[in-house]
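Throughout, read-outs are computed from the coordinates displayed, never taken from laboratory work. Keep in mind the model is a prediction, meaning the values are calculated, not measured. Using ideal geometry, Cβ is built from the backbone for each residue, glycine included, and neighbour counts are taken over all protein chains shown.
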There are 2 protein chains.
Amino acid sequence: MNLRELSEILGLSQTTVSRALNGYPEVAEETRRRVREAATTYNYHPNNRARSLATGRSMSIGHVIPVSTQHEIVNPIFTDFISGAGEAYAAAGYDLTLKMVSDGDEDEVYRDLANRGSVDGVIVHGPRVDDRRIAMLSELGLPFVVHGRATGSTREYSWLDVNNRRAFYRATSFLIDFGHRRIGLINGIETMDFATRRRTGYREALEEAGIVPCPELIAHGEMTERHGYASARQMLNDAMPPTAFVVASVICAIGVRRAVQELGLIVGRDVSIVIYDDDLSYFKSGDDIPVFTAVRSSVREAGRNAANMLLDIIAGTGDAPRQRLMEAELTVGSSTGPAPDLAPHRQRG
Amino acid sequence: MNLRELSEILGLSQTTVSRALNGYPEVAEETRRRVREAATTYNYHPNNRARSLATGRSMSIGHVIPVSTQHEIVNPIFTDFISGAGEAYAAAGYDLTLKMVSDGDEDEVYRDLANRGSVDGVIVHGPRVDDRRIAMLSELGLPFVVHGRATGSTREYSWLDVNNRRAFYRATSFLIDFGHRRIGLINGIETMDFATRRRTGYREALEEAGIVPCPELIAHGEMTERHGYASARQMLNDAMPPTAFVVASVICAIGVRRAVQELGLIVGRDVSIVIYDDDLSYFKSGDDIPVFTAVRSSVREAGRNAANMLLDIIAGTGDAPRQRLMEAELTVGSSTGPAPDLAPHRQRG
DNA sequence: TTGAAAGCGGTACCAT
DNA sequence: ATGGTACCGCTTTCAA
């Protein structure tokens, strides 16, 4: 059933039927009622492609997810983020076009999206330090919002980010306040922008307390159990081992804990662990971590916010780039027991 | 730059230009060369929407992911599956439209997708036992492939699945062969079709060995650490505790291990654990599991296969429903130590 | 308040 | 081998 058929049945013009269905004010209420009824009866649904062609808007937003060929993990936080964004799109009648793209081909994917008009805007995921995609998208004229930020980009652009620097500043300060002086940082991949911000927050906290950051106590890598294990193991074997860790993901923390245990140390007594993770849903507030502090933010909400930001931009409600920094939530305690004593227990040597 | 403009520049008709660009044989090679060159020079890209309207194909595939409102977890295997499917789509010039949809609205989403012609086919994710979506999609006439199966559906339909029954049959038999008689099953949510198949495989292995399956040794739930912990804990506190567990996810297994340890038992000595997981990439072959057997299959490959299956169906290369069962891969050993002795160590009581 | 008709940017049939 | 033209299904001026 298409518009022409429906209008013929009703004995009205396509114009009127279209207007009635799209809520134009000049249609008589009685006519509108008839049209709506007929649309339901005959199960009429406007064809998306035709509408898109006529209006020039595709009513779809692109999400481009970099899938690294080296790092086999597709970050699950994308899933939550997108799920939040999806809600916003559904409410606004937009579709979501997903592009998983391996490292090299990214530019082309964006160009293609813009050139072929398959989407009205894009959300950029996983920005790297000094990400060149931002300049490219600005030039393409395709509206976009970055999930995260790209340090070093000279242009203005729209983004939504969690305050990673602040979260890690707080997590580190938290440990320092308990008396820790040697604190290891198990961080993400160094080229990712969020990892550099986290490191900055960590460093700031140390420096503020008069502690000189020590390169051996900072590890970068993919967020896996193995990375947590290997990094912690190495740090703990050092002449001056850390008494605490700030860990950038729950999964990593599991590895850290294993390393600690293998050395005959006890988590929460000999070594304290503070975890940051964008999403702890798998662990229901860190069930598996006997001693922990979780700094958490709602990824789903971030997705919804970013999507709405982009829809606003597309609607042209304003031209200036929009920025939004979400603060992370700090939770202290363990769901499996009493709140841990985070003070360094004794000096080992 | 659109087709009309390009053809005017070239002094050719739109028809010829279109044919040249789309590889029709009747175009003179010299003409084709000129056209291609001009297309590059003027950065011409055909508009997707217009093409879709003209051809009647949207060149997009829908993936509908059920996002349960109760269970806050979005299964990360979707991510890998979709990433594999994305490769297939990219190669075939298709887009991927993603719909994350909460329980209630599913029907409407499929109807909408079909009615508005936004996609040429869909992949159905997370089928439940006797899933009504299959009947609905058949009636809608929208080509679809199910990732998994729906027991109880009377119709023929296309699907791609991992042989869950067989994987759990093997995992269970494996433990039985080592002498275990009381084996706990930590399974997924009961209404999910894959969970019932897994349970069937587990039961078959037991029955074949003359062991009567015991309801207290079967736990269903969301695949979280908490579920693994709580279920294992309860089973181990029973008068007749299990000497081994078959666990349906790595995350669950972490909880199982915690439960075992809390009771002063030792994994690999007092209690054996066999894990099945669709994707172990987070753990790099189960780093964190000192004793394990992983039955693993490549989710990404499954996604690619399912996508190609659907594209075949759409291309009409055949009309009969296609089915494909992928066998899981069995790995025995631990990356963190020697292959474990899986025999039950001693009788506790 | 309603309708006629000109697009939107391609594809594909029918001529030549 | 190339061109003319009628669509595809909807939106949107302009006219009545």
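Computed values, structure above
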item	result
Peptide A:245-257, shielding by other chains (average Cβ, 10 Å cutoff)	1
Shortest-first nm distances, A:E207 label point to equivalent points in other copies (7 Å, Cα→Cβ)	6.9
Region A:152-195-region A:92-124 distance, computed between alpha-carbon centres (Å)	29
Angle in degrees between helix B:76-92 and the longest Cα principal axis of chain B, rounded to the nearest 10	30
More than 11 angstrom apart: percent of Cα pairs within region A:3-46	59
Farthest positive-ward along the protein assembly as shown dipole, Cα basis, beta-carbon charges - from A:G23, B:Y44, A:I218	A:I218
Amide hydrogen neighbours beyond the local backbone of B:V101, cut-off 5 Å, H modeled	B:I65, B:V67
Cα gyration tensor shape for region B:175-288, rounded if a/c is under 1.5, else prolate or oblate	rounded
Simple Cβ-charge dipole of region A:3-46, Lys/Arg +1 and Asp/Glu -1, about Cα centre, in debye nearest 20	80
Karplus-derived 3J(HN,Hα), 6.51/-1.76/1.60, for each residue of region A:14-25, Hz, glycine and proline x	4, 3, 4, 4, 4, 5, 4, 6, 8, x, 6, x
Distance (nanometres) between label positions extended 7 Å along Cα→Cβ at B:D177 and B:E190	3.2
Residue-averaged beta-carbon neighbours from other chains (10 angstrom radius) around A:49-56	6
Chain B - percent relative contact order, Cα under 8 Å, separation 6 or more	16
Cα centre as origin, Lys/Arg/Asp/Glu Cβ charges: region A:11-119 dipole, Debye	800
On Cα atoms only, tilt of A:250-262 relative to the major axis of chain A in degrees	20
10 Å Cβ neighbours from other chains, averaged over peptide A:89-100	5
Under Karplus coefficients 6.51, -1.76 and 1.60, residue-wise ³J(HN,Hα) of region B:39-47 in Hz, glycine/proline x	4, 5, 4, 8, 6, 7, 9, x, 6
Rounded, prolate or oblate (a/c below 1.5 giving rounded, otherwise prolate when a/b exceeds b/c) for region A:202-244 by Cα gyration tensor	oblate
Relative contact order, percent, region A:3-46 [alpha-carbon distance under 8 Å, six or more residues apart]	40
Mean ellipticity per residue at 222 nm, deg cm²/dmol - from DSSP H runs of n ≥ 4 across chain B, formula -39500 (n - 2.57)	-13000 deg cm²/dmol
Teacher prompt: A:D238 distances to equivalent labels in other copies, 7 Å Cα→Cβ, nm	4.8
Across the identical copies, how the B:E5 labels are spaced - nm, sorted shortest first, 7 Å along Cα→Cβ	3.6
Unit charges on C-beta of K, R, D, E only; dipole of the protein assembly as shown, Debye	240
Radius 15 Å from Cβ of A:H220, net charge of other residues (Lys, Arg +1; Asp, Glu -1)	+2
Taking region A:175-237 and dividing mean pair separation by its residue count, relative contact order in percent (alpha carbons under 8 Å, at least six apart)	42
Spin-label zone in region A:128-148 - amide nitrogen under 11 Å from a point set 7 Å from the Cα of A:D107 along the C-beta vector	A:132-133, A:136
Acute angle (nearest 10 degrees) that the helix A:225-236 long axis makes with the longest principal axis of chain A, alpha-carbon atoms	30
